[in-house]
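Asker: Take a look at the following structure, please.
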Amino acid sequence: MATLVGIILFIVGVAVGLIARHIYALNKKTSAENEAREIIRLGREEAEKLRQEAAVRSKSELLAAREQLENDVKNERNEVKQAEKRLLKREDNLDRKSEALEEKENQLRAVEERLDAKSAELGRKEAEIEEIVTQQKNRLHEISLLSVEEARKEVLDRTTKDMDHEITVLVERANARAKELADENARKYISTAINRLAVDYTTEHVVSTVELPSDEMKGRIIGREGRNIRAFENATGVDVIVDDTPGVVVLSGFESIRREIAVRSMKKLVADGRIHPSRIEEVVQKTREEMEKVVEETGKAVALELDVRNLKPREIMLLGRLKFRTSYGQNVLDHSREVGFLSGIIAAEMGLDEQLARRCGLLHDIGKAVDHEEEGTHPELGGEVARRCSEPDEVINAITSHHSDTAAESLYATIVQAADAMSAGRPGARRETLEKYVKRLERLEAISNSYPGVERSFAIQAGRELRVIVKADKVTDGEAQRMCRDIAKQIETELTYPGEVKITLVREFRITEYAR
């Protein structure tokens with residue numbers, strides 16, 4: 001019985017143990033599953049976190065790469081735009097130059113056509129004149145039964161004999177009358193005008209020098225492979241001469257305003273120190289705009305000084321440009337100012353309109369501001385400018401006739417001629433080179449010596465007076481009068497000179513005997 005109870009208890013104990021072990025195993029399995037699920041959950045969270053961090057880093061790197069790419073593209077676009085602007089600017093410059101060349105070619109072609117037409121017309125007229133002369137000669141020969149030389153000699157001898165006395169009497173009367181009427185008033189007017197006015201003169205050349213702080217600046221002006229100096233010359237139209245002369249560069253150009261712009265631009269570039277093609281173009285353009293203001297202010301100042309009112313803007317600009325123009329070394333604006341003052345003073349003395357006379361005198365040389373751009377003499381161009389600006393007829397005539405190219409139609413034109421001669425003929429106002437001066441003296445003497453009967457001739461008073469001595473036994477009084485007048489006309493036609501030239505012809509007959 002006890003054994004059976006023991007077996008039963010053993011069986012029960014084994015069963016309980018098995019059940020407890022089974023329960024323990026189940027609990028352990030459940031715990032392991034829970035732990036595995038927790039590990040899986042944590043792994044998934046860690047993986048998700050890593051994935052999100054990787055995504056954030058990828059986006060940041062992508063944004064940084066995109067910004068860098070956009071900056072690079074932007075910089076390249078700016079460089080392309082700047083290159084396009086420079087190319088467009090160069091194309092514009094080339095187009096303007098091409099248009100200017102085409103215009104000049106058209107002008108030259110038109111001039112050639114006009115010259116050809118005039119030449120053909122002159123040829124036809126010469127042929128007609130020769131035919132008419134031949135017919136007249138034949139007709140005269142038939143009528144007179146004389147040869148051409150005999151008929152010419154007879155007509156000339158008869159005409160000379162008939163006219164000698166009359167010409168001499170008329171000339172003497174005219175000279176006496178003119179002297180009686182003009183001498184006293186002319187002396188008074190001219191002396192009064194000259195004593196009341198004095199103007200300083202400056203001499204301009206075709207070259208200007210710019211001082212440099214050091215010779216190293218010359219290399220910067222030239223630039224790599226000469227690009228800076230070429231850019232400067234293209235922008236200004238002035239030649240730049242860089243030689244061994246220490247501390248200076250030379251700017252050469254015949255157009256004075258361009259040369260002044262170049263001088264001012266070069267000084268700015270040297271002072272700034274930044275010298276490269278784009279900077280050169282910028283400085284030259286800015287200086288050109290400043291120069292236009294200087295020209296305008298100069299024109300307004302001289303008009304205000306002479307009390308010349310209601311001038312058109314173009315006239316003011318052209319007057320300002322005369323400040324940078326010279327004639328025989330005389331500044332044209334100073335000369336025009338003086339002629340305006342002299343004309344006003346003379347007109348006031350004569351009881352005329354002083355303000356109108358000043359206007360005529362101030363504008364008389366305005367054509368010199370455009371004569372290097374357009375064809376024609378400066379009186380013609382000045383008259384055209386005055387017409388376009390609606391100037392009075394007296395002003396237009398004074399401009400066109402002040403060198404006797406056209407007839408003087410009013411007293412104002414005559415006054416301007418006299419004032420112009422006084423201003424230009426004043427000692428020291430104008431200068432000539434020694435070579436031109438000597439050639440003019442030689443030409444004066446050669447013209448007078450070419451006339452028959454002239455014994456000697458002398459150019460004196462710096463070429464302002466010519467003394468001609470003729471042989472009394474070969475030249476009569478009437479012939480002497482005509483010869484003096486003919487010499488004066490030939491000098492006016494063939495020579496160019498400031499002021500006037502006085503011709504004095506001397507005919508002296510001497511008889512000498514000795515009493516022994």
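The values are calculated or read from the model by the stated rules, or taken from the named source; none is laboratory data. In this text the structure is predicted, and so the values were computed from the model without any measurement. Methodologically, a virtual Cβ is constructed for each residue, glycine included, from the backbone with ideal geometry; neighbour enumeration extends over all protein chains shown. When the accessible area is computed, the model is the full protein with side chains, heavy atoms only, and any ligands, DNA or RNA have been set aside. Shrake-Rupley method; radii C 1.70, N 1.55, O 1.52, S 1.80 Å.
Asker: Leaving out ligands and nucleic acids, note down the accessible area per residue over region 324-374 with a 1.4 angstrom probe, in whole Å².
Answerer: Accessible surface, normalised per residue, equals 28 Å².
Asker: In whole Hz, what ³J(HN,Hα) sequence does region 304-318 give by Karplus (6.51, -1.76, 1.60; θ = phi - 60°), x for Gly and Pro?
Answerer: 5, 4, 8, 6, 9, 9, 6, 7, 6, x, 5, 5, 4, 5, 5
Asker: A further question follows. For LYS104 paired with VAL56, estimate the spin-label separation in nm (one decimal), with each label point 7 Å from Cα along the Cα-to-Cβ line.
Answerer: 7.4 nm
Asker: Extension gain GLU33-SER404, at 0.36 nm per residue separation less the Cα-Cα distance, in nm?
Answerer: 120.7 nm
Asker: In Å², what does the accessible area per residue of region 1-114 work out to with a 1.4 Å probe?
Answerer: Per residue, region 1-114 has 93 Å² of solvent-accessible surface.
Asker: Right, next: With a 1.4 Å probe and all protein chains left in place, how much of the accessible area of region 242-322 comes from carbon and sulfur atoms, in whole percent?
Answerer: About 51 percent, which is the carbon plus sulfur part of the accessible surface.
Asker: May I ask you to order 83-95, 500-512, 395-407 by the average number of other C-beta atoms within 10 Å around their residues, highest value first?
Answerer: By packing density, highest mean first, the sequence is 395-407, 500-512, 83-95.
Asker: In sequence order, what are the phi-derived ³J(HN,Hα) couplings for region 275-281 according to the Karplus relation 6.51 cos²θ - 1.76 cosθ + 1.60 with θ = phi - 60°, rounded to whole Hz, with x for glycine and proline?
Answerer: Per-residue couplings from phi come out as 10, 8, x, 5, 5, 4, 4 Hz.
Asker: Could you check the simple spin-label distance between ARG41 and ILE23, using points 7 Å along Cα→Cβ, in nm with one decimal?
Answerer: 2.7 nm
Asker: Could you derive backbone 3J(HN,Hα) for region 399-409 from the dihedral phi with the Karplus parameters 6.51, -1.76 and 1.60 (θ = phi - 60°), listing whole Hz in sequence and x where the residue is Gly or Pro?
Answerer: Going residue by residue, I get 5, 6, 10, 6, 10, 6, 5, 10, 6, 6, 9 Hz, with x marking Gly and Pro.
Asker: Compute the FRET efficiency between ASP92 and THR476 as 1/(1 + (r/R0)^6), taking r as their Cβ-Cβ distance and R0 = 56 Å, and round to the nearest 0.05.
Answerer: Calculated value: 0.15.
Asker: I would also like to ask the following. Rounded to the nearest 0.05, what FRET efficiency do VAL111 and ARG314 give with R0 = 30 Å and r taken as the Cβ-Cβ distance? Could you check?
Answerer: 0.75
Asker: For region 86-120 and region 334-379, what is the separation of their C-alpha centers, rounded to whole Å?
Answerer: Measuring centre to centre over Cα atoms gives 33 Å.
Asker: Starting with the highest mean, order 355-361, 213-219 by the number of other Cβ atoms within 10 Å, averaged over the residues of each peptide.
Answerer: For the peptides 355-361, 213-219, the packing ranking is 355-361, 213-219.
Asker: Something else: With 31 Å as the limit, write out which pairs from LYS439/LYS474; LYS312/LYS439; LYS368/LYS502 have Cα-Cα distances beyond it, or answer none.
Answerer: Over 31 Å Cα-Cα: LYS312/LYS439.
Asker: Sorting check: for 7-13, 455-461, which peptide has the highest mean count of neighbouring beta carbons within 10 Å, and how do the rest follow?
Answerer: Result, highest mean Cβ count within 10 Å first: 455-461, 7-13.
Asker: Another question, then. Return the equivalent ellipsoid semi-axes of region 6-93 as a descending list in whole Å, where each equals the square root of 5 times an eigenvalue of the C-alpha gyration tensor.
Answerer: Ellipsoid half-lengths, sorted descending, are 83, 5, 4 Å.
Asker: Whose amide H sits under 5 Å from the amide H of SER327, counting only residues 5 or more places off or on another chain, with H placed in the peptide plane?
Answerer: Residues meeting the amide H criterion: VAL332.
Asker: To the nearest 0.05, what FRET efficiency results for LEU304 and LYS74 with a Förster distance of 56 Å applied to their C-beta separation?
Answerer: 0.55
Asker: Another question, then. Roughly how compact is region 272-430, stated as its Cα Rg over 2.2 N^0.38 Å to two decimals?
Answerer: Normalised by 2.2 N^0.38 Å, the Cα Rg of region 272-430 equals 1.13.
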